[in-house]
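Peer 1: A single structure is presented below for examination.
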Amino acid sequence: MTVILKSILQVFLFFVFSSAFQQLSGQVIIENIYFHQDKRTFLISKQSDSLVLERKPFSIHYYGKKYNSEKEEFYSAQIAILDNAEDTLLLKSGKPTYETPFFEPGSGLAPYENGMYDTVFITNSGHHYLIYENENEKRVNLIFEIENYNEFEWKIKAVHYQGKNISLSDITINTLYFVIFMDRNLNEIIDTNELKIVTIHFN
């Protein structure tokens, strides 16, 4: 192979891999979720994943668009917290949200206090409806803004379980299942790459 052909091939491969990397990077920014506790960060990139946390406060960071009631752009993160793995079997790509009890219309849980979800509900009949419209209308914190998506933070300090508020340090549950759904095209269908199921084991 001549030097010229080698150079052409190298340039071609550079642009191919550069383009693929840019597409992958854009996908990662939108779809990845991060769990933070103390100085540790856990990347969730697969549709189904697991991690181990201490029995202490933690936060979840994710990317999404702002909720806009005036334009009827109801962007949110809908997160159900379950104590039974069998409940996750209800979830399938292509399935309308109204066919899943904890995502059906009207199943959004009201924040426990202060308009935020610092205390989370463990239930298979509802979900946390996480929105950010502005600093006065929000259920999560805005970390930073980028062109099409924003980074949001959800802080979790306690749980509401079987009629009681329990601090994370006092919970006796060893495993919880976080079902995280973001309807990015607002079609009320669980599309591919809009759902993550995260199994959390507590030390």
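The values are calculated or read from the model by the stated rules, or taken from the named source; none is laboratory data. Keep in mind that what you see is a predicted model, and the values were worked out from it rather than measured. Positions of Cβ are generated from backbone atoms using ideal geometry, with glycine treated the same way; all protein chains shown enter the neighbour counts.
Peer 1: Within the stretch 133-184, restricting attention to residues that are assigned to a strand (DSSP E or B), of a type in the set (Val, Ile, Thr) and out of contact with any Ser or Thr (no Cβ under 8 Å at 6 or more places or on another chain), which residue is farthest from Ile122 (Cα to Cα)?
Peer 2: That would be Ile143.
Peer 1: Hey, another quick one. Could you tell me which residue of the stretch 120-142 is nearest to Asp83 (Cα to Cα), considering only residues that are surrounded by fewer than 14 Cβ atoms within 10 Å (Cβ to Cβ) and not small (Gly, Ala, Ser)?
Peer 2: Glu137
Peer 1: Another question, if that's okay. Only one of Tyr98, Tyr62 is of a type in the set (Phe, Trp, Tyr) and out of contact with any strand residue (DSSP E or B) (no Cβ under 9 Å at 6 or more places or on another chain); which?
Peer 2: Details: Tyr62 fails: out of contact with any strand residue (DSSP E or B) (no Cβ under 9 Å at 6 or more places or on another chain).
Result: Tyr98 is the single residue among Tyr98, Tyr62 that is of a type in the set (Phe, Trp, Tyr) and out of contact with any strand residue (DSSP E or B) (no Cβ under 9 Å at 6 or more places or on another chain).
Peer 1: Please determine, by comparing only the residues of the stretch 75-113 that are of a type in the set (Ser, Thr, Tyr) and under 18 Å from the mean Cα position of the chain (by Cα), which one is surrounded by the fewest Cβ atoms within 10 Å (Cβ to Cβ).
Peer 2: Ser93
Peer 1: Could you tell me which residue of the stretch 59-78 is farthest from Lys196 (Cα to Cα), considering only residues that are charged (D, E, K, R) and in a loop (DSSP other than H, G, I, E, B)? Let's see the steps before the verdict.
Peer 2: Residues of the stretch 59-78 charged (D, E, K, R): 65-66, 70-73.
Now narrow it down to the ones that are in a loop (DSSP other than H, G, I, E, B): 65-66, 70-72.
Numbers: Lys65: 18, Lys66: 20, Glu70: 29, Lys71: 27, Glu72: 25 Å.
Restricting to residues being charged (D, E, K, R) and in a loop (DSSP other than H, G, I, E, B), the top hit is Glu70.
Peer 1: On the given criteria, is Lys164 modelled with pLDDT under 95 and of a type in the set (Lys, Arg)?
Peer 2: For Lys164, the condition - modelled with pLDDT under 95 and of a type in the set (Lys, Arg) - is met.
Peer 1: Next question, about the same structure. Can you name the residue in the stretch 159-184 that is free of Cβ contacts under 8 Å to residues at least 60 places away in the same chain and of a type in the set (Gly, Ala, Ser) and, of all such residues, is nearest to Asp118 (Cα to Cα)?
Peer 2: By that ranking, first place goes to Ser167.
Peer 1: Still on this structure, I have one more. Can you go through Glu194, Glu188 and tell me which one is among the charged types (D, E, K, R) and over 14 Å from the mean Cα position of the chain (by Cα)?
Peer 2: The match here is Glu188.
Peer 1: To continue, here is another question. Taking Thr97, is it of a type outside the set (D, E, K, R) and closer than 26 Å to Thr41 by Cα?
Peer 2: Against the criterion (of a type outside the set (D, E, K, R) and closer than 26 Å to Thr41 by Cα), Thr97 does not qualify.
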